[in-house]
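Report on the following structure.
The values are calculated or read from the model by the stated rules, or taken from the named source; none is laboratory data. For clarity, every value in this text was computed on a predicted model and none was experimentally measured. Note that each Cβ is placed from the backbone with ideal geometry, even for glycine, and that neighbours are counted across all protein chains shown.
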Amino acid sequence: MQYENPVPGVGILIEFEGRLVLVQRDRPPREGEWALPSGFIESDESVENAAVREALEETGLEIDLIELFWRVFVSGRTTSQWSHHFLPRAPTGHQRHACRRRCARGASFCTE
């Protein structure tokens, strides 16, 4: 018997100075496209911890989660995925400067 289990993932909707923080994907699939900070849940972490980790890895921002605002199941030709999207508190203090630096370098993009 063969099982095809969905891959769990997270996404984070980060508001920064009235704008949405997006990251430019640097690897396939969809390399070069803009997306919400997101990624896969590791086998030893909770959904919430994965969201915090992915936000830090992809934007350099340390976030506090407010709520889970959207969960979606996507079925593709080769894989299926459950994705949990979170809304964090807006970055403050030194975190605001970190986002500005990353936006200037093109590592992340803030857009209205």
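Computed quantities for the displayed model
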| item | result |
| --- | --- |
| Residues of region 25-42 satisfying the condition of being at negative phi and basic (Lys, Arg) | ARG25, ARG27 |
| Counted residues, region 14-59 - those being of a type in the set (A, V, I, L, M), in a loop (DSSP other than H, G, I, E, B) and modelled with pLDDT under 90 | 2 |
| Top-ranked residue in region 4-13 [being hydrophobic (A, V, I, L, M, F, W, C) and not in a loop (DSSP other than H, G, I, E, B); ranked as surrounded by the fewest Cβ atoms within 10 Å (Cβ to Cβ)] | VAL7 |
| Lone qualifier among GLN2, GLN24 - being out of contact with any strand residue (DSSP E or B) (no Cβ under 9 Å at 6 or more places or on another chain) and over 18 Å from HIS85 (Cβ atoms) | GLN2 |
